[in-house]
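Below is one structure, written out as structure tokens; the observations come after it.
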Amino acid sequence: MKVLGIESSCDETSASVVIDSKDPEKRILSNVINSQIHIHAEYGGVIPEFAARNHADMIDKVIKESLDKANCKIQDIDIIAATGGPGLIGGLLVGMVTAKTIAVMLDKPFMAINHLEGHLLTTRLCYDVEFPYLLLLTSGGHFIFAEVFGVGNYKVLGETLDDAAGESFDKVAKMLGFEYPGGPAIQKYAELGNPNRFEFTMPLQRRSGCDASFSGLKTAARLQIEKLEKVTDQDKYDMAASFQGIVVKFITRQIEKAYHMTESLPKNVVVAGGVAANKSLRESLLKFCQENNLNFFAPPLSLCSDNAAMIAWAAIERKKAGFSYSDLDIQTRPRWSITEC
Ligand code: KG4
Ligand code: ZN
């Protein structure tokens, strides 16, 4: 089975060819990603209209490059898969219409894939990870703890009540005048700072369950920055380190609560999404897993943020699990929960 995946839900236009090999190392034949970061950087966030236009400009080129790199022709592809949601509607439309057009012209099956399902199955693309597992999905738009029983069988245990963790990194980075996207910048400058300089109160201390909240931390960061007379580079580095420190501590506390809410008490813990690239978070989650005798899995850094290999792989997983292809009249879904996959 050879699948062409297309991803265009946010600010990356990506196309990938993935095969159903037993050896994880041989699965990804190509994974071409055209990042729009340079377009959005000067605004400090993604501008949906610019994103949609750039996806439309780039998608043909990116698909052609992915086929060339995989050394295959479009006729060799068995399934065309595209992100159907959640995400920005303009970009989703570009990817879905392109994928459906290819499917109709070549008379191939088409699959609309949930972007979050792509992220949450990525570790299985790279390693032999058995179900069930406890999942932390943390990206720019989502923050979810879920119990993953099998393909298409997901139970949400908790989620953010306001901002996603990635969004809070991006906003605090913008406050500090760091480059966009903010998450990698916070990680980089945190290395130069003192994590104990600024104090934060742990969010949701009296709330049971494993929901999360990051917007109060963001406000607390802003208030502490505003109190400074003149903001020096060292102040910025200290804030980056202190903010990353409390976010990582909070997430690690919540994952422990999430674990106790699982039905299956799984042996495996998986982190996915753009923020899964954060070194300090990975280290802290690994430590939690080691202390509790659990296996910890995180995707390689190159597959944490948005890419089409995860979309192609989700199509392979769904096909193998017996799910049917999508009808060609299926619509994009800017909002689409993993419980409706
Ligand atoms: O999954 P993703 O590429 O896109 C969405 O689906 O949202 O995640 C992007 C998010 C951004 O907020 C970015 O700042 C954050 O992931 N991110 C990081 C790191 N790398 C990316 N956050 C913290 N540390 C990182 N190293
Ligand atoms: Zn994503």
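Quick notes on this structure:
- Our helix-only sum for the chain, with -39,500 (n - 2.57) per DSSP H run of n ≥ 4 divided by its residues, gives a mean residue ellipticity at 222 nm of -13500 deg cm²/dmol.
- Quotient of C-alpha Rg and 2.2 N^0.38 Å, computed over the chain: 0.99
- Longest exposed-site-free window of the chain, the sites being trypsin sites (Lys or Arg not before Pro) in a DSSP loop that have at most 15 other C-beta atoms within 10 Å: 74-196
- Taking all Cα-Cα distances within region 223-294, those exceeding 21 Å account for 40%.
- Filter on 26/69; 249/287; 218/257 - keep pairs with C-alpha separation over 20 Å: 218/257
- Residues in region 63-74 carry Karplus couplings, in order, of 5, 4, 4, 5, 5, 4, 5, 7, 6, 9, 9, 4 Hz; the curve used is 6.51 cos²θ - 1.76 cosθ + 1.60 with θ = phi - 60°, and Gly or Pro positions show x.
- Magnitude of the charge dipole for region 131-300, about its Cα centre and with charges confined to Cβ atoms of Lys, Arg (+1) and Asp, Glu (-1), is about 160 debye.
- When both bridge partners sit in the chain, DSSP labels roughly 60% of those beta bridges antiparallel.
- Fraction of antiparallel bridges per DSSP, region 131-300 only, in percent to nearest 5: 55 percent
- Normalised convex hull volume, region 131-300, alpha-carbon set, Å³ per residue: 109 Å³
- Measuring max minus min along each principal axis, the C-alpha atoms of region 184-227 give extents of 35, 25, 17 Å (largest first).
- Of the solvent-accessible surface of the chain, computed with a 1.4 Å probe and all protein chains present, 50% belongs to carbon and sulfur.
- What the Cα convex hull of region 212-340 gives, in volume per residue, is 174 Å³.
- At the listed q of 0.18, 0.19, 0.22 Å⁻¹, the Debye profile of region 161-258, built from one uniform point per Cα, gives log10 I(q)/I(0) equal to -0.77, -0.85, -1.11.
- Given +1 at the Cβ of Lys and Arg, -1 at the Cβ of Asp and Glu and no other charges, the dipole of the chain around its Cα centre is 400 debye to the nearest 20.
- Computed from backbone phi with θ = phi - 60° and the Karplus coefficients 6.51, -1.76 and 1.60, the 3J(HN,Hα) list for region 97-112 is 5, 4, 5, 5, 4, 4, 4, 5, 5, 9, 6, 10, x, 10, 9, 8 Hz; x is used for glycine and proline.
- For region 29-140: Kirkwood Rh in Å [reciprocal of mean 1/r, alpha carbons]: 15.9 Å
The values are calculated or read from the model by the stated rules, or taken from the named source; none is laboratory data. Treat the numbers as computed from the prediction; the structure is a model and nothing was measured. Cβ sites come from the backbone with ideal geometry, for glycine too, and all protein chains shown count toward neighbours. The accessibility values were calculated without ligands, DNA or RNA, using every heavy atom of the protein model including side chains. Shrake-Rupley method; radii C 1.70, N 1.55, O 1.52, S 1.80 Å.
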